[in-house]
1. Tell me, which residue of the stretch 199-214 that is farther than 19 Å from V293 by Cβ and in contact (Cβ under 8 Å) with a residue 60 or more places away in the chain is least open to solvent (accessible area, probe 1.4 Å)?
2. Where residues in the stretch 528-549 are modelled with pLDDT of 95 or more and in a loop (DSSP other than H, G, I, E, B), which of them is surrounded by the most Cβ atoms within 10 Å (Cβ to Cβ)?
3. Can you name the condition, by its number, that R394 falls short on among (1) assigned to a loop (DSSP other than H, G, I, E, B); (2) touching a residue at least 24 places away in the same chain (Cβ under 8 Å)?
4. Identify, by number, the condition in (1) modelled with pLDDT of 95 or more; (2) open to solvent by 20 Å² or more (accessible area, probe 1.4 Å) that Q518 doesn't meet.
5. Has the stretch 620-634 got any residue that is in contact with a strand residue (DSSP E or B) (Cβ under 8 Å, 6 or more places away or on another chain), closer than 30 Å to T120 by Cα, touching a residue at least 12 places away in the same chain (Cβ under 8 Å) and open to solvent by less than 30 Å² (accessible area, probe 1.4 Å)?
6. In the stretch 293-339, how many residues are touching a strand residue (DSSP E or B) at 6+ places or on another chain (Cβ under 6 Å) and polar (S, T, N, Q)?
7. Out of the stretch 448-486, which residues are modelled with pLDDT under 95 and closer than 30 Å to R761 by Cα?
8. Taking N661 and the conditions (1) open to solvent by 10 Å² or more (accessible area, probe 1.4 Å); (2) under 20 Å from A593 (Cα atoms); (3) out of contact with any strand residue (DSSP E or B) (no Cβ under 7 Å at 6 or more places or on another chain), which numbered condition does it fall short on, given that it satisfies the others?
Amino acid sequence: MVTTHNLGFPRIGAQRELKFGLEKYWKGEFSRDELKALGAELRARHWAEQQALDLVPVGDFAFYDQVLDMSFTLGNLPERVQGFHGDKLDNYFRVARGRTAAGAQEHAGCCGGVAAGEMTKWFDTNYHYIVPEFTADTKFNLDFSRLSEQLREARAQGVKAKPVIIGPLTYLWLGKAKDGVGKLADKLALLPRIMPVYRAMLDYFKVMEVEWVQIDEPVLATELDPAWREAFVTAYEGFEDRSVKLLLATYFGQLQENLDLACKLPVDGLHIDAINARAEVALAAQKLPAQSVLSVGAINGRNIWKTDLNAALEWLAPLAQQLGDRLWIAPSCSLLHVPVDLASEEKLDAEIRSWLAFALQKLDEVKLLATALNEGRSAVAAELAANAAAIDARRHSPRVNNPAVKAAIARIDANLGNRQHAYAERAAKQAALLALPAFPTTTIGSFPQTGEIRQARSQYKSGALDGAGYRAAMRKEIERSVREQEVLGLDVLVHGEAERNDMVEYFGEQLDGYAFSQFGWVQSYGSRCVKPPILFGDISRPKAMTVEWIAYAQSLTNKPMKGMLTGPVTILNWSFVRDDQPRSVSCYQLALAIREEVLDLEKAGVRVIQIDEAALREGLPLRRAQWPEYLRWTVESFRITANGVADETQIHTHMCYSEFNDIIASIADMDADVITIETSRSDMELLDAFDNFRYPNEIGPGVYDIHSPNIPTQEHIVQLMQKAAERIPAQRLWVNPDCGLKTRQWAEVIPALTNMVAAARALRSQAH
């Protein structure tokens, strides 16, 4: 009989209950006990929704981030929080966001926050994790309380529990040395220290009568050097004398040269992502020891399209016959990356809805496949027929294919992506036109989404506020943002994006080829959730999307107003993308659509245009050998979008929470006049990229960590910019926050930006 299981479940709740609970707790409106009770309630509900599976994940729930959870389980806390005397959960939030809940600071032995942990993308997804911190003196000490608590809850509920933990090699690979150059030269030096803690963890699982433990090692889908490959052998040989069974879970890509290694490790089962590595499934079935389980990720855990179940059964049936009870079926990866339940989507277009599957529906697909394999297809004949009809309808729908868009893609040529002249000549013209001071200040685009903004948007969507009333409300908020920036003394202003619900959804709503859910929320980090639009067909732009708002903002001030757009690569990577054509084709379609908007902004007199590509790096394939092709079409797509403007129009782009050192040449090839990047959480560490690469254009290294409520001081900002000036000529530096300010409050933003502007003025004085 085929076994069914799941690698992980969305933890935010179908109605984002976790988000709202966290935010209430951080504001002091929710007690610690109430937050913990909410976590227990969500876990119980999610386990109940997975009860039909043979094995259910336990330990995948996190109040902020599963990697941060693992750091606390391993006792790996940054030194700056080790003296905290309050509740463990509050210390957890101090690492996650720099401070704990309002009213809990008295437990900290200080009156302020601490530096939040660095945040970056989880492999090639849009989920952010808190980076583990290591030093040469790092020690590990097991804290099993989180896992034991959740296992006890699961047992009381009758859940067939399969604990989920991040494996030792992936955990070390995800972390960073934080004690300076040359002190911890090799993270693998920590392996002998961390392995006893993992072995003790497995012993505790045995005491709690656990049979199977899922140990996640997605790093096996990357290119590993010989030392890391050998470390896998060493580490897993250290697990040989254990009393629980291990399912080694890989996902997000192909194993390739690591397939033999994974199959030979002394574990009891191997999970392979069959969405990305279908060809490796049959190879693994041959290479695994005769007693080992092969878990097949046959359902896409990262996208929302229905699985072609009949096609899946064609290749799964021979595998089931070959492996028998050794075949397990699951989604390809944790369902953290998809929304919870399609059943909530009552307003979604019925035809498009019939093509989709969210987390709960994906688990239904797992169960359908298992039933067909265990009992024969006749047992689920009606369900398979309905699935086939939906797959066929989507394939042949005229709403998916637009001949005019396909013709426009065919006309793309190299000249479309070239500016009129090189940066040096453009920069002189832009300087003459904009007349900006040294160290010019700006923000990344958005200002706080106030209660008034959210109320107006809600009333407009419900029909309680008409179009004229909504426009008036948004204009009022735009004017507020402009006036605040003028008082602050910023040099290049933004309109504040009051009218935008999300930097991708806002554009998708105005492009043909997109559909939208009501409750399709996905966790990005902590309490931050996004609702990715659904790219189902060929993309075109029926009308201008931003010109009215930005032209109005420019009419309110004599200072330069920056037009704000989201770039094609980010719109692509932050959408649920159609899987029936190459991603590159969809990206070129988006590039042509956003290019039209860029040109319309320029015609309206906007002389500074920012095209955000926050997600360019996260779409990189996990294997470097595949990077050149991805970077070719993504950089070309950006250039097509941006480079139709005159020399005098200054093009900005923004990238956040990514590592740039290894793709800095491609970022330079984008040829944006100004790039702004996140650097504050990493203490300007991301600027190491410029030690060996002479970046040709202007750059704004972020100096205000907007994901933390902490307010940077003027002195701190000056110090960060002085570090930046050691690598980049001061005359090409801008001063700006890390990212947009929509998630912050005005009471935080005003003092932070006041300090930022004061720092820029101090830097100008020092320069003279």
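1. Going through the stretch 199-214, the residues farther than 19 Å from V293 by Cβ turn out to be 199-201, 203-204, 207-209.
Restricting the remaining residues to those that are in contact (Cβ under 8 Å) with a residue 60 or more places away in the chain gives 201, 204, 208.
Values: M201: 0, Y204: 113, M208: 26 Å².
Among those that are farther than 19 Å from V293 by Cβ and in contact (Cβ under 8 Å) with a residue 60 or more places away in the chain, it is M201.
2. The residue in question is T546.
3. (1)
4. Of everything listed in (1) modelled with pLDDT of 95 or more; (2) open to solvent by 20 Å² or more (accessible area, probe 1.4 Å), Q518 misses just condition (1).
5. No, because not a single residue in the stretch 620-634 is in contact with a strand residue (DSSP E or B) (Cβ under 8 Å, 6 or more places away or on another chain), closer than 30 Å to T120 by Cα, touching a residue at least 12 places away in the same chain (Cβ under 8 Å) and open to solvent by less than 30 Å² (accessible area, probe 1.4 Å).
6. Residues in the stretch 293-339 being touching a strand residue (DSSP E or B) at 6+ places or on another chain (Cβ under 6 Å) and polar (S, T, N, Q): 4 in total.
7. P448, Q449, T450
8. It fails just one condition, (2).
The values are calculated or read from the model by the stated rules, or taken from the named source; none is laboratory data. Just so it is clear, the structure is predicted and the values come from calculations on it, not from any experiment. Virtual Cβ from ideal backbone geometry, glycine too; neighbours counted across all protein chains shown. What goes into the accessible areas is simple: the full protein's heavy atoms, side chains included, and nothing from ligands, DNA or RNA. Shrake-Rupley method; radii C 1.70, N 1.55, O 1.52, S 1.80 Å.
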